[in-house]
Each structure stands twice: as structure tokens, then as C-alpha cells.
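> Just dropping this structure here.
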Amino acid sequence: MDTVSAPSAKQSSQQSAAGEPPRPAAITAEGIGKLWLLAAAAVVVLALVAALIYSGAAATRQLSDPGALTRWGLPAAKAVHNLALAAVIGSLVFAVAIVPKRLRRSRKSDHEDDSPEHPAFTRVLALAAGAAIVWTLAAVAVLVLSFSDISGLPLSGDAGYTSALVGYMTDIATGQAWLAITIVAAIVATLTFGVRSLTALAFTLVLATVGGLLPMALTGHSAGGDDHYGAVNSIGLHLLGVCLWVGGLIALAFLSGTLGSKDITKQVLKRYSALALISFFLVFFSGLINAGIRITSLDQIASDYGALVVFKTLATLLLGAIGFMHRQWIVPQLGTKSAARVLWQLIAVELLIMGAISGVAVALARTAPPTPEELPPDASPARILTGYDLPPELAGSAWITTWRWDWLWVAFTLIVGIAYLVGVVRVRRRGDSWPIARAASWIVGLLALTYVTSGAPAVYGMVLFSAHMLDHMALTMVVPLFLVLGAPVTLALKALPPRQDGSRGPREWILWLVHSTFSKVITHPLFAAANFAGSIIIFYYSPAFSFALHEHVGHELMNVHFLLTGYLFVLSMIGQDPVPYRAPFPLRLVLLFATMAFHAFFGVALTSSTSLLQASWFGSMGRDWGLSAMEDQRLGGAIMWGVGEIPTLCVAIGVALMWSRTDARETKRKDRAADRNKDAELAAYNDMFARLAQRDEQVTRTPSQAPTDSSRNQGDTP
């Protein structure tokens, strides 16, 4: 095996004596010297200081100035926090999905395998642990300094200041968010030291991503102003893309020289390149969307905020161009030493550019956008409750022309839709077949998902209970029906190549999930049916409904819950994807008709109810058009009753057809077997009955029919 070894101390000393820089600080075919990471950190500081001076975000305030320490210390702490968080997420992604865990591939389970760890895996977890500690300390600093910044009080240790700080952490949304981030960071830091299992590290990655990014997306500029949902979702996608891209690049630079063979190095670079490509599109387009919400006219581009946005956009495009060079020209030629050296040189340039972008991004978050973020003084009740003005009356073409893009679901549908089509192309190029009807069903399901999350049902679902119920039933019954028929898991298992180096790629994680205990529980038909029917009562007659209406997180969790509940139920009934357990067809039909009856019962209960669900919301919109809130709720009950039955009947018909086809296939199988063995099974079956009949005849013969001993003796006498 052709391996790449690190230079010896003797070689480094000889190079230094010859006037060359020592190898650890250089860029070689083996990797990047560690001083380049420090250089990138220095660029972050310089860019941050320059952007703060340019925008005036760190200037002395006329009123309630918290002091120079807070004005300069808070942006610096946020820059350190952001880079540390990105390094944690990037290193954990490398650990669970990019680098191999063991030096030798083994068939043993993760817990039983005692072969040595791969040096890259050990090193990337060391990076995760160190970055998590820095993340925790930086989060504490941001928490304390943000209170000083908001309150306008210089840092102090007296009792009054401490008491006010505690109130900030417990009663103010921004303080609660940073307290939550600090707690999550401390938990993640503990886990990075204590766990080694890939499954446990994957859960740690999810915790760090959700717990670290979600509070940040819900605070800052995105928390106020117009189009709150669009701003929060776009900045959330932006932060996710940045952490995957920047964090992955930090991990890659940190690992340089420890990957081992050139083959593994090439595989790791290809995997990161694919991740960086997705991250680039997430960062670029989500950044444009978020900037478009803050900058509403061309003349605002000339503002301080607009100039910083332009710089970030151009620098991001430059990074995308460098990434394209990696993927198209350099990685395929990585076997040569010159190509490897150029590759690491470009990665070092990327680090410096990303450092500059990171510094400007922190300053941008401290710069006031040109569009005001406060609600207007004459805001309508609908604007106060939902964050949006009351839409016009829902009638006719409004069902088609009304849109408010939910960028979280738009990004989801685009990513999984493109991935599905790439999988179909890959399978067909290999010579395998994939039904066009399945691909069409998947695309129709994604288009329907986009409509119900961004179209009229979503827009009017915030002000009309009937539209909300239509949105609910479409997410639960209509969209999952098309998505399940697309069989995405089966396609993924066919299209994705298995990993050969012992690491877990997308295919391996899908197989782990399919065979996990969690999957056995949630895909069991009894659980899926109980969840499908029972969660309706729990949701609408508990604080969960209020949480979904008032909070952005609750709204998105509601959509996720509706979609997954319906998907698992339809999957357990007519799905073609592999699941741990399939119920017999009679049980499936019983469960279907039971859920249909439950929907009918709940719909009738709503139509006959005299109490308004969430009266403080639906009864306080100030609508001057349409039905009253109570009549609209009754209409919602009728929609649930009527709309819910049609997809259920379609699923029931599908179960009946599958049952019939299964019986037909079994009959054909038996006929083919009979043709092969000349009805040997039927002949043996008939022979068995003949023997049984003969034995029964012998048993039932009467004693008079049997010859006596005396007659036998007489017959024997001559």
C-alpha cells in the first residue's frame, strides 16, 4: 500500500538549516501546517475589527454605553463561539460519516470491535473535544457580555448586577437562548470525552446542531421585522450550511497528514467535497433570501449593512469557484504529488477567505439593517398574532396565487428531490430498472408538500381553522401517500455504493436505522395506527396546539409531526420499503377502517362542538370576511371527516390489491412447482388421504366381519 508518512524531525531540522520553513508550518503534499490555522484565526480578527470600524457597530453610544470591553469583547466572543461551534459540528460529521473508525475493517459490531482506532478518527475526536470546551467558554462569555450590551451596564460584580443578570437568563428570550446554548455546549463537551460509539456520536452531533443553531436562528435580526418565518428559516439554513462547510474545512485541515494511504485521502476529500457542494448552495441562496428580507430596495445596498452583505456574497462565490476546482480538476489527479500540494494550497486559501467571511458575518449581525425590525404602531390584530397582515378573503384564484415560502421545506424538497432523481439515473445507468410511476409519485408528493407548507393552506391556516385542518389532512394523508409509493429507501439502497473502508456512509446509516429497535417500534402497524389516530386528540386538546400557533418552532414541529405520522402509517399499510415487521393483510384492513371511524368520530365532534378551540387566536384575528370563528371550526370538522376518508379508502383499495396480487403470486409459485415435479406434492397429498381412508376402513370393520379363531381352526383341519 502506498502510504504518506509524516516527515521526521531530522528532515525538518535539515530544511530549517537550509533556509526553508519548518515542515509543520508549510504546505506539502501531505497536508497543511498548523500555523495556517492560526493565520486563519488572525484573518478573522482583522476582518472583524475592520468591519466593526467600517459599520460603526463598536462605536461609543450616546446613551447607555456598556463600555469598550463589552463593545469589542462581545463581537470577539461571538466570533470565537461561531468558529468553535462550526469546528464541533464539522469534526463530528467527519467522525460519524467521513473517516474510518478502525485501521482494519471488521465484521464485528461497534461495541465488540477491539481493533486499533484509525489515527484520523482519534484526531478528529480530539478536535471535537477541544472545540467543545472553547464553545462552552465562549457561550458563557457571550451570555454575560450580551446582558451588558442590552442593559447598557458595564461589567460589574456587585449584587444588583448579578441579580439582573439572573433575571436576564430566566425571563428574557435572548438570555434564555444563550443559557440554553451554554448548557448544550457543556453537555456536548462532556459527551465528546465520554463516548466512542458511532451511534452515540451521531446523537451528539444532532444535539450540537439543533441545540447550537436553533437558539441562534431565533434571536438577532431574524427574530423581528417582516416575514419572521422566512427570516428565521433562511438564517437557520444559512447557519447549518456555514457550520458544515467551515467546520468540515477546519476538520480537514486539522487531519491533514494523518489520513494514511492516498486512497483513503482521496475518498475523504471526495466525501467532504460532496458535503461542501450542498453547503455552498445552502449558504449562498439562504444568504440571498435573508438579505432580501432586510434589504428591500436597491439604494439600501449602499448602506453599511448592504456593503457587508455584498462582500460576503462575493467571497462566498469565490469559495464556490475554488471548491469547483477541487472537485473537477484536482481531486481526480490526487495520485500525483504536485496535485496534492496544489490541493492543500487551495484549502489553505479557503481557510483564509472563510476567516474573513466569519469576521464580517459577526460584524454584520451587530449592524442595524436598513429595514426597520419593529412592528408598526398601527399593526392589525392579525399582524400582532401571526407576524403577517391579514390576507384577503379566501376564494377562487386565491387558492393558487397565495404563497408565502417556507424556506425550510423548500430546501428539503429540493435536496431530496434532486437526490432521488440522481439515484434513479445512477440505477438506470447500471442497467437496473426503476419504475417511472414511482419516480412520478415521489415528485408529485414533493410538489404537494411544497404547496401545503408554502401555499394557500399554510397562509390561511394561520387565520382560519378550516384551512388549518385542510393543511393538516393534506400533510397527514395526501402527501405521505405519494411519498410512500415512491419507495425512497429502496432506491437509496440500490443507488448508494457500500463503503469499503469501514466508515458509515449514507447507505450504512440507512441500514442501521431500518434495523434499529427504534424503527421496530415506530413502524409497527399497531403503533403507527395508534399514533395516527391518538395524536389528533393529544394535539388539539393539549397545550401543543397553542404552542404550534404561537411559536415558530412549534409550527415547524407540527408540520414534521403531521408528515411523519402519516408517512409511517401509510408505510405500514402499503409501503414497499423494507420495515422490520409487516402485518397480515386482514389486520391492515381492520386498522384502516378503525382509523377511518376514529376520524369520522372526531370530525363529528368538531362539527357539533359549542366551544371554540384556541379562542384567543382564531377568535381574535379581526377578520371582516368569511364565516365566524365558530362556524369556521365546524367547517374544519367537516373537512376532516370528508377529506380524511378519501385517502383512507385509497389506501384500503391498495391493501386489497396487494393482498390479491400476493395470493396470485403464491398460486403461480405453486403451479410452477407442480410443473417441475409433475404434481408430486398433489400426488403425495392424495396418497396421504388414501392411506388414511384405508386405515379408517380397517378400524371401523365390525367384529362379525372378522374371522373367529374357531373358524380359522376348522378351516385348517384336513
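> Non-local amide H neighbours of SER609 (under 5 Å, H modeled in plane, Pro and chain starts lacking H): which ones?
none
> Moving on. In what sequence, largest accessible area first, do LEU92, LEU137, LEU613 appear using a 1.4 Å probe?
LEU137, LEU613, LEU92
> Using the structure shown, select from LYS101/LYS270; LYS262/LYS312; LYS494/LYS520; LYS78/LYS270; LYS101/LYS266; LYS266/LYS312 the pairs with a Cα to Cα distance greater than 24 angstrom.
Pairs exceeding the cut-off: LYS262/LYS312; LYS78/LYS270; LYS266/LYS312.
> Once phi is turned into θ = phi - 60°, what whole-Hz ³J(HN,Hα) does the Karplus curve with 6.51, -1.76 and 1.60 give for every residue of segment 76-92, x standing for Gly and Pro?
So the Karplus estimates, Gly and Pro as x, are 5, 5, 5, 4, 4, 4, 5, 5, 5, 4, 4, 5, 5, 5, x, 5, 5 Hz.
> Compute, for the chain, the length of the dipole vector about the Cα centre, with Cβ point charges of +1 (Lys, Arg) and -1 (Asp, Glu) only. Units Debye, rounded to 20.
2820
> When the solvent-accessible surface of protein heavy atoms is calculated with a 1.4 angstrom probe, in what order do HIS599, HIS561 fall, highest first?
Order by accessible area, largest first: HIS561, HIS599.
> Next question. Rounded to the nearest 500, what is the 222 nm mean residue ellipticity of the chain from helices alone, with -39500 (n - 2.57) per DSSP H run of 4+ residues and division by all residues?
Here the helix-only value at 222 nm equals -24000 deg cm²/dmol.
> How much of the accessible area of segment 558-612, probe 1.4 Å, is carbon plus sulfur, in whole percent?
For segment 558-612, the apolar C and S fraction of the accessible surface comes to 75 percent.
> In addition: Using label points projected 7 Å from each Cα along Cα→Cβ, tell me how many nm separate ILE150 and LEU649, to one decimal.
Going from the ILE150 label point to the LEU649 one covers 5.5 nm.
> Please report the carbon-and-sulfur percent of the accessible area for segment 258-411; probe 1.4 Å, protein heavy atoms only, DNA, RNA and ligands left out.
Carbon and sulfur atoms account for 68 percent of the accessible area of segment 258-411.
> Would you kindly state the longest site-free stretch of the chain, with sites defined as GluC sites (Glu not before Pro) in a DSSP loop (not H, G, I, E, B) surrounded by at most 10 other Cβ atoms within 10 Å?
Longest run free of exposed loop sites: 375-718.
> From the backbone phi of segment 404-409, what are the Karplus-calculated ³J(HN,Hα) couplings (6.51 cos²θ - 1.76 cosθ + 1.60, θ = phi - 60°) in whole Hz, Gly and Pro given as x?
For segment 404-409, the Karplus-derived couplings read 9, 5, 9, 5, 4, 6 Hz, x marking Gly and Pro.
> Multiply the residue separation of THR170 and ARG61 by 0.36 nm, subtract the distance between their alpha-carbon atoms, and state the gained length in nm to one decimal.
36.6 nm
> Here are labelled values, (i) 52, 29, 23; (ii) 43, 29, 24; (iii) 57, 40, 23, and one is the computed semi-axes √(5λ) of the Cα gyration tensor in Å for what I pasted. Which one?
Of the labelled values, this structure produces (iii).
> Another one. Apply the Karplus parameterisation 6.51 cos²θ - 1.76 cosθ + 1.60, with θ equal to phi minus 60°, to every residue of segment 288-303 and state each ³J(HN,Hα) to the nearest whole Hz, in sequence, with x for glycine and proline.
For segment 288-303, the Karplus-derived couplings read 5, 5, 5, 5, x, 6, 8, 10, 9, 8, 5, 5, 6, 5, 6, 6 Hz, x marking Gly and Pro.
> Once amide H atoms are placed 1.01 Å from N in the peptide plane, what residues at a sequence separation of 5 or more from ARG102, or on another chain, have their amide H within under 5 Å of its amide H?
Result for ARG102 returns HIS118.
> Still on this model: For ILE32, what residues show an amide H to amide H distance below 5 Å, using hydrogens built from the backbone and excluding near sequence neighbours?
SER256
> Keeping all protein chains in place and using 1.4 angstrom, which order do CYS243, CYS650 fall into by accessible surface area, from largest down?
Output order, biggest surface exposure first: CYS650, CYS243.
> While we're on this one: Which shape class, rounded, prolate or oblate, goes with segment 497-634 when its Cα gyration tensor gives a ≥ b ≥ c as root eigenvalues, a/c under 1.5 marks rounded, and past that a/b bigger than b/c marks prolate?
Note, shape of segment 497-634 comes out oblate.
> Over the chain, average the accessible area per residue using a 1.4 Å probe and give it in Å², no decimals.
48
> Quick check: at a probe of 1.4 Å, how many percent of the accessible area of segment 44-199 sits on carbon and sulfur atoms?
In segment 44-199, the share of accessible area belonging to carbon and sulfur is 66 percent.
The values are calculated or read from the model by the stated rules, or taken from the named source; none is laboratory data. Treat the numbers as computed from the prediction; the structure is a model and nothing was measured. Note that we place each Cβ from the backbone using ideal geometry, even for glycine, and neighbour counts take in every protein chain shown. Only protein heavy atoms, including side chains, enter the accessible area calculation; ligands, DNA and RNA are left aside. Shrake-Rupley method; radii C 1.70, N 1.55, O 1.52, S 1.80 Å.
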